[in-house]
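Okay, so here's the structure we're looking at.
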Amino acid sequence: MHRMNIVRALAGAVLLATSAFGMLYGCASAPAGHAVDDRAAAMMKSSFKAHGQATLDRLDQDETQRLCSEYAGRALPQPVVERIEKANLATIHFPADGKLVGDWKSGEKIAQSGRGFQYSDDPKQAAGANCYACHQLSPKELSYGTIGPSLYQFGKRRGYTDETRRYAWQKVYNAQAFSACSNMPRFGHHHILTDEQIRDVVALLVDPASPLNQ
Amino acid sequence: MPRTIRRIVAGIAAAAVFGGVVATALADSTADEIAKYRDALQDGNPAELWEARGEDMWKTPRGPKHVSFASCDLGLGAGVVKGAYAQLPRYFADAGRVMDLETRLLWCMTEQQGYTRADATKNVFGNGSAKRSDFEALAAYVTSQSQGVKMNVPLDEPHVHEMYALGEKMFFYRGGTHDFACATCHGEDGKRIRLQDLPNLTKVEGAQKAYTTWPAYRVSQGELRTFQWRLNDCFRQQRFPELVFGSDASIALTAYLAGRANGAEFQGPAIKR
């Protein structure tokens with residue numbers, strides 16, 4: 001018997017034993033626990049192939065991804081919330097020159113673009129943030145999604161202060177520093193956007209001249 | 001056949017008219033307009049062209065062994081197509097594996113018709129007239145034979161039960177550069193991306209509505225797309241690596257979503273934007 005086959009046969013036997021166990025105890029929908037998590041992770045590794053820039057290491061979870069997956073669909077216990085937010089806050093850095101606000105016109109283009117990091121995307125082209133996929137921003141853009149809250153008048157509502165600018169920078173950089181398991185990508189932490197691009201998106205949010213604040 | 005083509009031409013004309021309506025009515029009732037557009041197309045779904053090609057393919061001897069799908073068992077007996085899709089994925093003892101429709105078709109191609117896996121999977125997804133997919137045509141035909149049949153995935157069977165549980169885990173698995181899981185977009189009611197409504201697949205009604213309307217003719221692509229394609233393209237947008245056709249993860253997720261659709265009438269092949 002080929003070694004691979006033995007491994008597969010063993011895995012099959014374990015799998016059968018586990019599901020029989022689950023059935024015995026009337027485990028109707030989702031058998032929880034780490035055994036299923038481990039099997040799911042192993043299954044994923046063997047079910048995807050690297051394609052261009054989307055390599056298999058994208059399936060490896062960091063602690064935040066692991067915890068957010070584990071607690072999906074349930075209320076996060078407060079200690080877990082604190083652990084995730086603390087770890088993510090620690091990843092945020094501010095630009096060396098202290099300049100947090102760039103050009104809102106460039107920010108609008110970044111907010112419109114959904115390009116980047118898909119295996120079908122050209123890795124040499126700058127990525128977008130695709131903000132409009134999930135948020136209302138400028139009232140001129142009617143085609144916006146609703147997964148995230150409306151950001152219309154973000155700066156006007158919060159006040160054009162240093163605090164607002166610092167919060168906007170940090171939120172775009174790593175949203176989970178403030179909201180554990182938020183659906184929003186961690187644009188700075190994962191290097192989806194450059195510092196320069198984050199500045200421009202921050203400008204779209206907080207510049208009094210931005211169409212979003214009219 | 002001429003009647004089918006007449007209906008399809010009428011459908012495409014309706015699509016053009018409603019396309020204009022959709023463009024002018026974006027702000028207020030996009031969803032309503034899209035629903036009307038869908039209704040108008042329903043009578044002349046180009047998916048029928050794929051169904052017809054798939055039916056021919058099903059009945060014609062093919063492959064190095066010159067064997068037709070009459071010997072292919074989709075779970076209800078060799079060659080039985082009627083109602084078979086509504087009970088997939090299921091466990092196949094001859095393959096020792098839970099399989100969805102496309103994986104089972106691939107198994108029949110390699111084990112019975114004599115194709116190599118590489119040959120059989122050359123064109124799993126079509127690309128216009130340049131690249132036609134046998135799987136899309138066969139899936140259109142087989143699934144059309146379950147229209148009006150209630151979904152009944154055998155979740156009590158231990159192997160299927162296990163795959164369902166793994167699929168549920170996958171649904172909530174966050175990863176990649178953007179931290180996305182299936183649940184990121186499909187975990188809440190009434191959400192949309194840009195103007196596209198997103199089904200909440202964590203609710204039974206959401207899963208039923210979504211699962212029973214794949215495969216679908218995608219107007220924007222001019223192609224009939226299968227559920228394997230749907231999953232594959234979701235993971236691309238999730239910034240994950242490429243989901244392997246017929247992989248265990250693809251079958252587990254299908255088992256999860258198909259299983260949650262149990263009890264609802266299958267309606268595919270449908271038509272979508």
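Structure values in brief
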{"item": "Candidate set: the stretch B:41-50, residues that are crowded, with 16+ Cβ neighbours inside 10 Å and assigned to a helix (DSSP H, G or I); chosen: the one modelled with the lowest pLDDT", "result": "B:Leu41"}
{"item": "Failed criterion for B:Gly128 (all others in (1) more than 8 Å from chain A (Cβ to nearest Cβ); (2) closer than 23 Å to B:Gln208 by Cα; (3) small (Gly, Ala, Ser) hold)", "result": "(2)"}
{"item": "Filter result for the condition that a residue is surrounded by fewer than 17 Cβ atoms within 10 Å (Cβ to Cβ) and in contact with a Gly (Cβ under 8 Å, 6 or more places away or on another chain), over A:Gln78, A:Gln125", "result": "A:Gln125"}
{"item": "Criterion violated by A:Lys86 - all others in (1) touching a residue at least 60 places away in the same chain (Cβ under 8 Å); (2) of a type outside the set (S, T, N, Q); (3) outside the structural domain of A:Gln176 (by TED's automatic domain parsing); (4) not in a loop (DSSP other than H, G, I, E, B) satisfied", "result": "(1)"}
{"item": "Residue tally, condition within 7 Å of chain A (Cβ to nearest Cβ) and within 22 Å of the chain's Cα centre (by Cα), over the stretch B:186-197", "result": "2"}
{"item": "Residue match in the stretch B:99-115 (condition: closer than 30 Å to B:Trp50 by Cβ and at the interface with another protein chain (Cβ under 8 Å from one of its Cβ atoms))", "result": "no"}
{"item": "Unmet requirement for B:Gly268, which otherwise passes all of (1) modelled with pLDDT of 95 or more; (2) surrounded by 20 or more Cβ atoms within 10 Å (Cβ to Cβ)", "result": "(1)"}
{"item": "Qualifying helices (runs of 4 or more DSSP H) (wholly inside the stretch B:171-273; at least 1 residues being in the same structural domain as B:Ala137 (by TED's automatic domain parsing) and within 27 Å of B:Lys131 (Cα to Cα))", "result": "B:204-211, B:227-237, B:248-260"}
{"item": "Flag for A:Gln125 being touching a Leu at 6+ places or on another chain (Cβ under 7 Å) and in a loop (DSSP other than H, G, I, E, B)", "result": "no"}
{"item": "Residue in the stretch A:57-72 that is touching a residue at least 24 places away in the same chain (Cβ under 8 Å), under 17 Å from A:Tyr173 (Cα atoms), buried (at least 17 other Cβ atoms within 10 Å of the Cβ) and more than 14 Å from chain B (Cβ to nearest Cβ) present", "result": "no"}
{"item": "Flag for A:Asp97 being at pLDDT 95 or above and either more than 8 Å from every other protein chain (Cβ to nearest Cβ) or surrounded by fewer than 20 Cβ atoms within 10 Å (Cβ to Cβ) (or both)", "result": "no"}
{"item": "Positions within the stretch B:246-271 being over 20 Å from B:Trp50 (Cβ atoms) and more than 14 Å from chain A (Cβ to nearest Cβ), in sequence order", "result": "B:Ala258, B:Ala261, B:Gly263, B:Ala264, B:Glu265"}
{"item": "Residue identified as crowded, with 23+ Cβ neighbours inside 10 Å and under 18 Å from the mean Cα position of the chain (by Cα) among B:Glu102, B:Glu162", "result": "B:Glu102"}
{"item": "Residue match in the stretch B:142-158 (condition: outside any loop (DSSP other than H, G, I, E, B) and within 14 Å of chain A (Cβ to nearest Cβ))", "result": "yes"}
{"item": "Any hit, the stretch B:165-179, residues being touching a helix residue (DSSP H, G or I) at 6+ places or on another chain (Cβ under 8 Å), closer than 23 Å to A:Leu137 by Cα and either at the interface with chain A (Cβ under 9 Å from one of its Cβ atoms) or among the aromatic types (Phe, Trp, Tyr) (or both)", "result": "yes"}
{"item": "Residue count for the stretch A:157-180, restricted to those that are more than 13 Å from A:Val202 (Cα to Cα) and either of a type in the set (Ser, Thr, Tyr) or over 21 Å from the mean Cα position of the chain (by Cα) (or both)", "result": "4"}
{"item": "Residue match in the stretch A:114-129 (condition: within 24 Å of A:Glu163 (Cα to Cα) and acidic (Asp, Glu))", "result": "no"}
{"item": "Residues within the stretch B:98-131 that are without any contact (Cβ under 8 Å) to a residue 60 or more places away in the chain and farther than 18 Å from B:Trp214 by Cα, tallied", "result": "19"}
{"item": "Residue match in the stretch A:97-104 (condition: assigned to a loop (DSSP other than H, G, I, E, B) and without any contact (Cβ under 8 Å) to a residue 40 or more places away in the chain)", "result": "yes"}
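Residue-wise test of (1) at pLDDT below 95; (2) farther than 22 Å from B:Glu111 by Cα; (3) surrounded by 13 or more Cβ atoms within 10 Å (Cβ to Cβ).
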| position | (1), (2), (3) |
| --- | --- |
| B:Asp32 | yes, yes, no |
| B:Lys36 | yes, yes, yes |
| B:Asp39 | yes, yes, no |
| B:Ala52 | no, yes, yes |
| B:Ser68 | no, no, yes |
| B:Tyr85 | no, no, yes |
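The values are calculated or read from the model by the stated rules, or taken from the named source; none is laboratory data. Please read these numbers as outputs of a predicted model, since none were measured by experiment. Reconstructed Cβ throughout: ideal geometry from the backbone, glycine too, with neighbour counts over all protein chains shown.
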